[in-house]
Every structure is written in structure tokens, then in C-alpha cells.
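The values are calculated or read from the model by the stated rules, or taken from the named source; none is laboratory data. As the structure is a prediction and not an experimental result, all values here were calculated from the model. Cβ sites come from the backbone with ideal geometry, for glycine too, and all protein chains shown count toward neighbours. In case anyone asks, the SASA skips ligands and DNA or RNA and just uses the protein heavy atoms, side chains included. Shrake-Rupley method; radii C 1.70, N 1.55, O 1.52, S 1.80 Å.
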Amino acid sequence: MAEKGVSRGASRRFWSLLRKRRGAPGRYKPDEIMHQDIVPLCAADIQEQLKKRFAYLSGGRGQDGSPVITFPDYPAFSEIPDKEFQNVMTYLTSIPSLQDAGIGFILVIDRRQDKWTSVKASVLRIAASFPANLQLVLVLRPTGFFQRTLSDIAFKFNRDDFKMKVPVMMLGSVPELHGYIDKSQLTEDLGGTLDYCHSRWLCHRTAIESFALMVKQTAQMLQTFGTELAETELPNDVQSTSLVLSVHTEKKAKAKEDLQLALKEGNSILESLREPLAESTSHSVNQDQLDNQATVQRLLAQLNETEAAFDEFWAKHQQKLEQCLQLRHFEQGFREVKTTLDSMSQKIAAFTDVGNSLAHVQHLLKDLTSFEEKSSVAVDRARALSLEGQQLIENKHYAVDSIHPKCEELQHLCDHFASEITRRRALLSKSLELHSLLEMSMKWCDEGIFLLASQPVDKCQSQDGAEAALQEIEKFLETGAENKIQELNKIYKEYECILNQDLLEHVQKVFQKQESTEEMFHRRQASLKKLAAKQTRPVQPVAPRPEALTKSPSPSPGSWRSSENSSSEGSALRRGPYRRAKSEMSETRQGRSSSTGDEEENLAILRRHVMNELLDTERAYVEELLCVLEGYAAEMDNPLMAHLISTGLQNKKSILFGNMEEIYHFHNRIFLRELESCIDCPELVGRCFLERMEEFQIYEKYCQNKPRSESLWRQFSDCPFFQECQKKLDHKLSLDSYLLKPVQRITKYQLLLKEMLKYSKNCEGAEDLQEALSSILGILKAVNDSMHLIAITGYDGNLSDLGKLLMQGSFSVWTDHKKGHTKVKELARFKPMQRHLFLHEKAVLFCKKREENGEGYEKAPSYSYKQSLNMTAVGITENVKGDAKKFEIWYNAREEVYIIQAPTPEIKAAWVNEIRKVLTSQLQACREASQHRALEQSHSLPLPAPSSTSPTKGSTRNVKKLEDRKTDPLSLEGYVSSSLPKPPEKGKGWSKTSHSLEAPEEDGGWSSAEELINSSDAEEDGGVGSKKLAPGKYTVVMGDEKEGPDTLAMRSGDMVEVVEEGSEGLWYVRDLTSSKEGWVPASSLSTLLGKSSSAQCLSSSGKTHCARQLCPEPAKILSPEPV
């Protein structure tokens, strides 16, 4: 149930006080006009009637205090309407107090200037209509002789007509009147001295009655407002409570303003009533004037009392509202703080990592300190809120029962959080202590291994050298007491609270390494002790000793030969020294074998150094990314920082930072942890890179966005937002330096991998390191290529439809088109065009390079698209006469020829090789499709899906097919199982039918007459294995490394020479590398293709490579390797 404002009891007390001060209802009194249930007549209502002055209340009193109403001489008295007369009489009789009115009124009727008939009518009318008690009626009869005589006679004879409840006295003169009423109580027109002004009296009466009405309305307004306050339900939120308090305060101010206006009006009226007395102290005040003053004073007193009562009531109501607002603020703050503390407690509870290295633990401690600093704001606020609640309780807040439990809960949450932080810091401190011990132990081991590796073996052969080395070892072993692990069980017991499985294994590995190092030292120590204790024999001076043999642990072959010669000469002279030298040579070889192990240890140390650098820089990189994301990117969404952000920078966070957040999550959650798992086996770190090569593609997206980010930064680098963020982070460098970090990091990996590979040549992971290095370099190339690719403009299609971008570069290009204009052809041969070529898997694009103005990335070039060639219709000529840097790309059987000049012969060779791979891949795809069709026809097998034209994918699928075809009847093993044809006799085979592969070419390609295989001819010859092929050298495209009695083991890429064609699709070939001979399947060799309408050639001077437009039949997939 909602709370109310001021209690109903307080409201009732307030209003009973108002009613008590108002008085009880009854016959209205002049000072209580505002309290009448029946609205009385007011002077303002009958003001015009009162102005006629046919009757007035002068304020005079009779001897017993009876009010005197005077009817002055008024000629038109008989013409006054009865309603007006009745209203005036009613109003005049209502003015005196109840006490005075109870005595009865004295009427003075002045008819001295009137006629008797009028006197009679007036008296009778007054007597009939007078609404109050009458005590005495005094009539001043006409003063004229006739009218006076007539009135005396008529009054005597008509006395019965004047029979009234009170006596009627006919007076002949004013002095007679003075006998009934004192002169001081009569106005001047009746011979009295009473000061009376009818207009002033009317003005006072109107003001008093208006003031009384104002007081009444004010009282009613306060009553209504008080009821509203008492019935108001207290809201349940801060905003609504503030609104209610504001509205009520505004209404209270308005009520107070009305009250002050009423008081001001009353004081003004009172001052006006007292004005005559103030002007003249001798001025006498009549009773009515005194009554008027008393009435106004009472009304003012009532207003003052009402104001005091309302102020008291409002103070309680305001206090209730303010306490309610305080409570709502406290409750809102409690909810916010509790949510924050609960969230922080959950985070600290989930923060269970104790670190896997010294640097990691230090990083965790730094994170914990940072977390505690950030959390201290919430904790301080919680404690301040608890103190605020205690203050509310001390101030006797009405909701103590609600505030006190919340204060206790806040205190409990703060204490719990502080204890969790302390516990967490204690665990990390323990972990730091343990990792410091492990780090010292590992450092001691590394220094020891370095010491052993640095001791020269040749110097240790002498007694002095051995003793010096022994002293070094003993001195180093003495340092182990402080730097190595002493008792493993003691470590387990002391650090039990933090020892998880990973850390336990790490401790065991370090301890094992420590024991191994100590064992190495003990062995070296034992060897040195033997050498130091060895008795040296005297050396004859006539025979030189072969000292050169002990100078270097790994002498060159020449030095060995010279030493042997020297020894042989010595043997001719002295046999004894020779035997001693031989013995010492044997010992030297043993020393050399031991130095090989030391060299491996040295390499292990170097690998560890590279690994440490990789880990340290990786952690620093992750920390820098997090710093940028939290210190800049997150702050762009902070409402408190919105005023510092320029308009043009708003909603541009994704442009400025790109996918940095994605890069951060990959390194922080995945890659860094995988690197840390390799800390004990640095040589295996290549696997981490290989397994995450796909994830590293995110750098391509970041680099593609870098020009836009750089442009945006240059526009708004002076924005106050960046300056404020840099100041908060205490960075010496601006944001653009940190935005460059991902680009720098991806290029750093290949340097570290090269270093690791240099020290891991003979290790287990050397191949993985080499492959990882190649992959990283490939990613760098892809990133670089993509930066150029996104700069292409004017291409209508989708560049992604062209396949992977393989190469890109700038060349000089000449064109020679058969269908072109003659003049254009001639000019084209002499004036080259500068074009930037983009080689894709499915097309090659020709673009014009345009340099842009600007700085940084804005200066990057753009490329205007000019044309593209579909790779399915492309051929190349590798060499162009006269220039080693030129090659030809021709299109549609040389309808369009493009002569390309590369900057260097090496670039040309790289492009030619890459284009050859693409065309070979297309040929391989056609070959595989043709083979499957042949298999389908011969075995009724379903045709598999065609393979990809991508060089990489195609070759991968081909390898898989070769592996799957181990039991294929068409494979080599199938032929071996049957009877193989006999090897040809020497001198027989292709000698008579062979064609020269060095025949001259026309236009650098094969002519149609020189084409050795034609699709139509092959189809006529029959199916698989029934073809006739030209002699020559061939390349193996599908290897089989299994070798039988008559079969030849082959690898893909081997070069063979065909000796004889056998049956069942087998050829007898000679391996040009090993000179071995044997039978191989014809389908395993690369086909020879010429220039024809059904093929396009990849030609060079003396050699041709083709990619068929129409796939050849299985019998036509073999070709000689060009010489």
C-alpha cells in the first residue's frame, strides 16, 4: 500500500483548529459574514439602494445601548419599491452585534418637512416591514402650523391605527428628541454632535465585507489544499517524488501569496478605519466604528492563526516529502551500487588464473590493481551510501525499518569484496613468489649451460686450464643455494593453494631441468678433475707436437691433412712423441663430441631467448591493443565525453579503429595462450602459426581499412577528445602511432620466425617453422596485394568472382592486334603503355596507375580499369627475342597479343611461372574430367564433380586422388600384377621415329604441322592406352614411389625419356636423374600439345605450354617436357 503524505490525524487536527477559530454557526454577526450558510446581503449587492439614504445606521445608541436607525426627510419615500425597502432594512438590522440587536432598535423618523398623510403612511410602512425587534419609534412631526395641528388631531383620533408592539412617540421638536436620545448619539441634522458621513460609511462597509469574503475564500482554498496534501500517495521513484515535491511547493507558495494579500488588505482597511482618530485625537468614535475595527482585527487574527497552523501543517508535509525523496535516492543508489558490487564480485570470483609465467603473474597483478582502482569508486560510493543511510536513521527518518537492513547489506558487500581482493592478491603474490623462484632457477640453469658452452675445450686439456675451469664451475655451483629449488616437497606444501595441474607440471619440468643441469656440471666437474690431476710427461724438443689438432673443436679438412703430414714427419724422427700425440688426438676427439652437446645447449638457449622475445612482445602488443580499445574506442560511446567529439567524428568508430577489437580478441584469447604453451619447446612454435593461419587473415581487413582510418585521423587529429584520452592514458605518443601497431606486428612475426628457424635447423619443428615462415610471408604478400586491389576503379563486375589474386605489378605493355587498325598496330610496337597488371586465377586485369595527392595513405595510388583477359583463352610466349625482360600474353589464338616488359628478369620469371601454374591447373582440371569420363565408359562408374581450376585446390585434390587410387586397376600396381612387357633391347625404340624438339618456331610457338597430337586423330585411334605418342622427354604429373621388379618409382615433377611404347597403356621410360629404367602408366606423364584450333599454347623460344579449351581424351594427356 502506498504511503500517504501527512497523517490523517494531523490533517484533522489542523482543520478542527480552523473550525474552532471560525466559530459556531448561528444568527450571523457582522464579523462572521464569511461563515454563513445562507449568503447574506452585502453592501456591494445593494449599494445603489443604500446610496439613496432614505434610512441609515449612524452608529448612535440609546440610553440602554439600543442601536438607532434614522429615517431622514426623504420626499420620495413612498415611491421606494417594497423590495428595495425590505433589503435596506434587512441589511441595516444585520450590522449591529447580536447583543445590541437583542435589546431592540430605536427608530428616529424625521418628517418635519413632510405632510401628515405621508407621516402616517411612512410609520405604517416601517412598522409593517421592519425585520428586527423594536424598542421605541420617535417621529418628528411636521413643523408647519397647519400640518402640526392636523397631525395632533389626527394622531388622537387615529391612535388605534398606530397600535404597535412598541410605543410611537410624536415629537414636535428636536429638543424633545434629545430627551430620549443624547445629543452625542445623534447626527448634526438632528441637532446632535455625532460625526457621520454616509459615503464613508458605505465605503467602509463594502471594504470590510470584501475582506471577510477574501478571508473565507482563503480558508476554503487552504482546506482544499490541505486535503490534497493529506491524501497524496508518496511515489516510489526519485523523479516522481521530486515532481510531487516541486508541485506541492509551488502550490504552497501560491497559497501563501494569497494569504499575504488578504493580510495586506485587512491591515489597509484597519488603517482606514483608524484614520479619523489619527487625524484628531479629540474625535469621538461611535460604537459602529468600534465594531468595524474589532471585526477587521478579528479577521486579521484569524488569518494569522490560520497561516501559523498551515505553516505547521506544511512543515510536516514537506518534511515527509523530503524524507521520501531522500529514501528514493537512497534506494536508487542502493540498487545501482549493489548491482555494481555483485558484478565486481562475480568478476573477482571468476578471476582464478594464477599465471603461467613471471611476466604473466606480474600482468595479472597489474590487472588486479587496475581492477581494484576502478572498483574503488563503487566501493567508496557504497560506503558513503551506508553512512548516508545511518545519517537518515539518526535524523529520525520515518522509514528506519527499510534503511537499516540496506546499510548492513552494503557494509557486508564492501567487506566481502575487500576480503576477496585481499585473498586474490595474496594468491597472486604467492604465485609471483613461486614464479620468481622458478625463473631464478631457469636463469641459473641457462647461465650454467652458457658457462659450460663458453669454456674452450682446447684450453681445458692443460692442467692450468682444467683447474681454472674447475674453479669457475665450483664458484657457479655455490650460487645455486640462492637461485635453485632445494626441496620439491617443500615447494608443494608451501604453494599448495596455487598449484594447479599446469603449474605443477611446470614446477616439475623446471626441477628436472635443474637436476639435468646439475648432472651436466657434475660430469664436467669430474672430467676436469681428472684432467687437473693428470701428470704431464716431458716433451722432447726435437719433435714438434701436433698442437694444431687441439686448437679448434671443428677443424677444416685442410688443417686435418696438414696435421697428419706433420705427424708423419715426426714419426720418422721420434716414435714415442707420435704415440703421445695420437693419444692426445683421441682425447681431443672425445672433447669434440662433448662440445657438440654443448653447442646444442647453446642453440637451446638462443631459441629460448627468441621465444621470450616473442612472448614479451606479444603480451605488450595485447596490452597496447586493450589500452587503445578501452582508452579511446570505448570512450567514444561515453556520454560524459560526447561534448569533446567533433561532429564529423561521430559514428565513425568503425572507420577509425577498423576490426582492431577482433584482432585483440584473437590474440588475447587464443594466440597468446598457444604461444605460452610452447615456452618449454620453442622450436615447436611454428605449429601455433600454422594452425592459426586462417585467423591471421583478419589483418588483411584491417590493412584494407587503414587508408580510411588514416584519412579520418588527419582530419580530426586536433580534436579535444583525442587529447583528453591521451592525457588520461598518460601516453607520450598520439593515437595514430597505436593504430599502426597491428601493421607493425604482422610484419614482426616473419623476423622472429627467421631467427627461430636459424637456431632450429636440426630440431623436430624445423619443417613447421619453415612452412610457418612461408605462410606468414604469403599473408604479407596477400595483404600488400589487397591494398592495391581495393584501389581499382571502373571495374563493373565483382573482383571476388575472378578468384584469388596471385600477382600484381607495373609493366610496360605493347599491343599487336590482328583486327586492329594498321596505323594503330604500327604505332603500338614503338610506344609502350604503362599498365599495372593484376593476375587472378580466372583473369588478368590491365589497369592504368594514377598517383594521388596527399600525405600518408592518402598518397596511395589508384588504378583505372582498362581491360581484362579470361585465363581460359590466354597463352604466353616466355621469351621475346632481343630482351630477357619481355614475354608475350596472347588471346584467342593470337588475335590479340600483348608484349609485356618487366622491370627485372626475376620479376618476369616469377610472372611466367605463376601464369604457367594457372594454365597447367586448367589443363589438369580438363585431364581429370576426361579421365573420369573414360572410367565411366569402361567401368560404368558415375562421373565425379569437376575439380577446381585453382592451382592450389586442384593440386590438393589431385594428390588425394592419387592416394585413393592405390587399388585402381589403371594404376601402376594394377599393371604390375599382370605380366609386364619385356624391356626393349638397347638401340631400339624411338630412334627412327623421334622428332626433334628443337625445331624452329614461327612467332615463337608451335605450328599446326608440328603438332604431334590432334584430338580428332586420337579419337580415331581408340580408347585408353591405344595411342601413338612422340618420343622425347616427359614430365611426371602423377607419381608412384612404389617400385617393383620391372616398374619404375616416380615422383611428381621427375623428368623421364620415353624408350618404347608398350601394351595396355604402359611406356618404358628412363629416369634422366637416376638413369633407372622401367615401365610406367602413360597417364602419369605430361602431354605434348601444339598450337591448333583446339588448344592454346604456353610457348617460349624452343618450348610450348598449352591449356586446352576443350579437354583432351584420356589417351591424349601426355606431352614431352620441353628441352
Checklist entry - Around VAL379, with a cut-off of 11 angstrom between Cβ atoms, what is the net charge of the other residues, counting Lys and Arg +1 and Asp and Glu -1? => result -1
Checklist entry - Å³ per residue of the Cα convex hull, for region 404-500? => result 110
Checklist entry - Of all accessible surface on region 428-532 at a 1.4 Å probe, what whole percent is carbon and sulfur? => result 49
Checklist outcome for this item: For region 64-146 the mean separation of alpha carbon contacts under 8 Å (6+ apart) over residue count, i.e. relative contact order in percent, is 41
Checklist entry - Given a 1.4 Å probe, how much area per residue of region 372-514 is accessible, in Å²? => result 56
Item to check | Sulfur and carbon atoms: percent of accessible area, region 346-420 [1.4 Å] | outcome: 53
Checklist entry - When the Cα centres of region 637-651 and region 881-895 are compared, how far apart do they sit, in Å? => result 58
Checklist entry - Got a sec to turn the phi values of region 655-672 into Karplus ³J(HN,Hα) couplings, 6.51 cos²θ - 1.76 cosθ + 1.60 with θ = phi - 60°, whole Hz, x for Gly and Pro? => result 6, 5, 9, x, 9, 4, 5, 5, 4, 4, 5, 5, 6, 6, 8, 10, 5, 4
Checklist entry - Among HIS416, GLN455, HIS404, which residue has its Cα positioned farthest towards the positive end of the charge dipole of region 360-517, with +1 placed on the Cβ of Lys and Arg, -1 on the Cβ of Asp and Glu, and the dipole taken about the Cα centre? => result HIS404
Checklist entry - On average, how much accessible surface per residue is there in region 751-794, in Å², for a 1.4 Å probe, leaving out ligands, DNA and RNA? => result 49
Item to check | Carbon plus sulfur fraction of accessible area for region 636-786, probe 1.4 Å, in percent | outcome: 48
Checklist outcome for this item: LYS252 neighbourhood, Cβ < 12 Å, K/R = +1, D/E = -1, net charge -3
Next on the checklist: Less than 14 Å Cβ to Cβ from MET636, Lys/Arg counted +1 and Asp/Glu -1: what total charge do the surrounding residues give?
Outcome noted: -2
Checklist entry - Heavy-atom accessible area per residue, region 860-933, 1.4 Å probe: how many Å²? => result 38
Checklist entry - Restricting attention to region 411-462, which chymotrypsin sites (Phe, Trp or Tyr not before Pro) occupy a DSSP loop and are surrounded by at most 14 other Cβ atoms within 10 Å? => result none
